[in-house]
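Read-outs throughout are calculated quantities, based only on the coordinates presented, and are distinct from any laboratory measurement. Remember, it's a predicted structure, so these values are computed and weren't measured experimentally. Positions of Cβ are generated from backbone atoms using ideal geometry, with glycine treated the same way; all protein chains shown enter the neighbour counts.
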Amino acid sequence: MLQHKRFQRKKFCTFCSEKVPFIDYKDLKIIRGYITERGKILSRKMTGTCSVHQRELTTAIKRARSIALVPFMER
């Protein structure tokens, strides 16, 4: 059996490439791109962010949830 290996481009951290100083919890345009429709935080594997910015992104999402800018869960 032949197995074809597909070339997959290496994902890169958009925050590192744009040299973002910090991730603001009030910037919903950015935050919504890292949450699923059901309100779950997307993993590093899916988004390609580095570990430093993934931690920063997680705290920003949790802060936005606590003051009701982003829902905890959608049904």
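Could you count how many residues in the range 38-51 are touching a residue at least 24 places away in the same chain (Cβ under 8 Å) and under 16 Å from Ala68 (Cα atoms)? Matching residues across the range 38-51 total 2. On the given criteria, is Met46 within 11 Å of the chain's Cα centre (by Cα) and on the phi < 0 side of the Ramachandran plot? The answer is yes for Met46.
Does the range 1-9 include one or more residues that are in contact with a helix residue (DSSP H, G or I) (Cβ under 6 Å, 6 or more places away or on another chain) and of a type in the set (A, V, I, L, M, F, W, C)? Step through it out loud before you land on a result.
At the first step, the residues of the range 1-9 found to be in contact with a helix residue (DSSP H, G or I) (Cβ under 6 Å, 6 or more places away or on another chain) are none.
No: the range 1-9 contains no residue that is in contact with a helix residue (DSSP H, G or I) (Cβ under 6 Å, 6 or more places away or on another chain) and of a type in the set (A, V, I, L, M, F, W, C).
Taking the range 1-72 as the region of interest, none of the helices (runs of 4 or more DSSP H) fully inside it holds 3 or more residues being of a type in the set (Gly, Ala, Ser) and either in contact with a strand residue (DSSP E or B) (Cβ under 6 Å, 6 or more places away or on another chain) or surrounded by fewer than 14 Cβ atoms within 10 Å (Cβ to Cβ) (or both). In the range 58-75, the residues that are under 11 Å from Lys26 (Cβ atoms) form Cβ pairs under 7 Å with partners that are among the hydroxyl-bearing types (Ser, Thr, Tyr), at six or more places apart or across chains, as follows: Ala60/Tyr25; Arg63/Tyr25; Ala64/Tyr25.
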